[in-house]
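Peer 1: Input: one structure, supplied below.
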Amino acid sequence: MELISVLARWIHIVAGVIWIGHLYFFNFVNAQFAPTMDGETKKKVVPELMPRALYFFRWGAAWTWVSGILLLLLVFYHGGIMFDPGAGWNAASIAAVAFVFVGPVLYDVLYKGPLKDPKVGFVAGVIVSAAYVFFMAFVAGFSFRAYTIHLGALFGTTMAFNVWMRIWPAQQQIIRATKDGTPPDAALVGLAGTRSKHNTYMSVPLIFTMMNSHATWAANPVTVALVVLIGWGAAYWLYQTSKGVKGF
């Protein structure tokens with residue numbers, strides 16, 4: 001079991017670096033570079049560059065998610081560090097775990113409709129994240145490490161859903177259209193770009209949750225909820241910074 005745990009951690013970190021590294025390349029580098037290409041250059045560059053980058057992007061996401069779920073099973077569910085003293089499995093704790101897998105579906109529906117506006121979606125995201133943390137801590141009885149990592153699992157599952165179910169399908173059609181010299185469907189471009197931006201914002205607090213065992217100073221729900229807001233502020237700053245980076 002110890003060997004499996006070590007291997008899963010190793011895979012999780014390497015795959016995560018590959019995934020998030022490409023995510024940041026797309027959002028902080030390529031998003032600023034792509035508009036500088038003319039139509040003929042895009043026809044040559046995009047069909048060669050993007051399929052290669054998206055291959056490592058989507059498989060990095062897959063392996064990060066699979067190894068992360070395995071680590072949840074090994075470290076938390078099997079390892080016995082899920083609950084505070086006196087708490088245990090009940091309807092609330094089961095619901096909290098189920099939300100990791102149900103949440104991305106609700107997110108997908110809501111962000112196509114009521115939360116489509118970026119400002120409304122931002123506020124709703126902060127509120128839902130905080131409510132989820134407080135529910136896990138005060139109702140489900142999760143330990144600090146458990147409610148922190150399950151917030152990360154919710155973000156990671158949502159991000160992996162975006163990669164495989166929204167970004168990759170849209171990008172395939174965008175790349176084919178670019179190769180043929182026809183304008184890509186604006187709706188697909190908007191969908192892929194929005195979901196990629198959502199993933200970028202979620203990735204910053206997600207990384208904090210992966211190192212939560214070393215953040216004992218943050219061992220309370222309020223601080224963990226604030227981490228989401230701080231992380232999203234950091235992502236916004238990186239976006240603004242990327243706009244000022246120029247080529248030679």
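Peer 1: What are the residue pairs meeting all of these: first residue in segment 103-123, first residue open to solvent by 50 Å² or more (accessible area, probe 1.4 Å), second residue assigned to a helix (DSSP H, G or I), Cβ atoms under 6 Å, and 6 or more apart or on different chains?
Peer 2: No pair meets every condition.
Peer 1: Can you pull out every residue in segment 208-219 that is open to solvent by 50 Å² or more (accessible area, probe 1.4 Å) and modelled with pLDDT of 85 or more?
Peer 2: MET210, MET211, listed by residue number.
Peer 1: Let me ask another. Pick from MET82, MET136: which is closer than 25 Å to TYR201 by Cβ and buried (at least 16 other Cβ atoms within 10 Å of the Cβ)?
Peer 2: Selected residue: MET136, the only one of MET82, MET136 that is closer than 25 Å to TYR201 by Cβ and buried (at least 16 other Cβ atoms within 10 Å of the Cβ).
Peer 1: Kindly indicate which of PHE144, PHE155 is closer than 28 Å to VAL133 by Cα and modelled with pLDDT under 95.
Peer 2: On the way: PHE155 fails: modelled with pLDDT under 95.
On inspection, the qualifying residue turns out to be PHE144.
Peer 1: Same structure again: Could you list, in sequence order, all residues of segment 104-121 that are over 19 Å from ILE207 (Cβ atoms) and in a helix (DSSP H, G or I)?
Peer 2: VAL105, LEU106, TYR107, ASP108, VAL109, LEU110, PRO118, LYS119, VAL120, GLY121
Peer 1: Right, something else. Taking only pairs six or more apart or across chains, which ones have beta-carbon atoms under 7 Å, a first residue in segment 173-199 that is on the phi > 0 side of the Ramachandran plot, and a second residue that is open to solvent by less than 70 Å² (accessible area, probe 1.4 Å) and not aromatic (Phe, Trp, Tyr)?
Peer 2: GLY181/GLY39
Peer 1: Filter segment 159-187 down to residues that are of a type outside the set (D, E, K, R) and surrounded by fewer than 16 Cβ atoms within 10 Å (Cβ to Cβ), then give me how many there are.
Peer 2: So the answer is 10.
Peer 1: Right, here's the next one. Looking at segment 146-158, can you tell me whether even one residue there is open to solvent by 50 Å² or more (accessible area, probe 1.4 Å) and in contact with a helix residue (DSSP H, G or I) (Cβ under 9 Å, 6 or more places away or on another chain)?
Peer 2: Within segment 146-158, none of the residues are open to solvent by 50 Å² or more (accessible area, probe 1.4 Å) and in contact with a helix residue (DSSP H, G or I) (Cβ under 9 Å, 6 or more places away or on another chain).
Peer 1: If SER93 passes every condition in (1) hydroxyl-bearing (Ser, Thr, Tyr); (2) open to solvent by 40 Å² or more (accessible area, probe 1.4 Å); (3) more than 16 Å from the chain's Cα centre (by Cα) but one, which one does it miss?
Peer 2: Status for SER93: all satisfied but (2).
Peer 1: Continuing with this model, one more query. How about segment 211-240: which of its residues are under 21 Å from the mean Cα position of the chain (by Cα) and hydroxyl-bearing (Ser, Thr, Tyr)?
Peer 2: SER213, THR223, TYR236, TYR239 - these are the residues of segment 211-240 that are under 21 Å from the mean Cα position of the chain (by Cα) and hydroxyl-bearing (Ser, Thr, Tyr).
Peer 1: Still on this model: Name the pairs whose Cβ atoms lie under 9 Å apart, with the first residue in segment 35-55 and without any contact (Cβ under 8 Å) to a residue 40 or more places away in the chain and closer than 17 Å to ALA192 by Cβ, the second part of a helix (DSSP H, G or I) and among the aromatic types (Phe, Trp, Tyr), and 6 or more positions between them or separate chains?
Peer 2: Every condition considered, the pairs that remain are ALA53/PHE25; ALA53/PHE26.
Peer 1: Also: Where residues in segment 50-78 are closer than 16 Å to GLU2 by Cβ and open to solvent by 80 Å² or more (accessible area, probe 1.4 Å), which of them is farthest from the chain's Cα centre (by Cα)?
Peer 2: HIS78
The values are calculated or read from the model by the stated rules, or taken from the named source; none is laboratory data. Model, not experiment: these values are computed from the prediction. Positions of Cβ are generated from backbone atoms using ideal geometry, with glycine treated the same way; all protein chains shown enter the neighbour counts. For the accessible areas, the whole protein counts, side chains as well, though only heavy atoms, and no ligand, DNA or RNA atoms are used. Shrake-Rupley method; radii C 1.70, N 1.55, O 1.52, S 1.80 Å.
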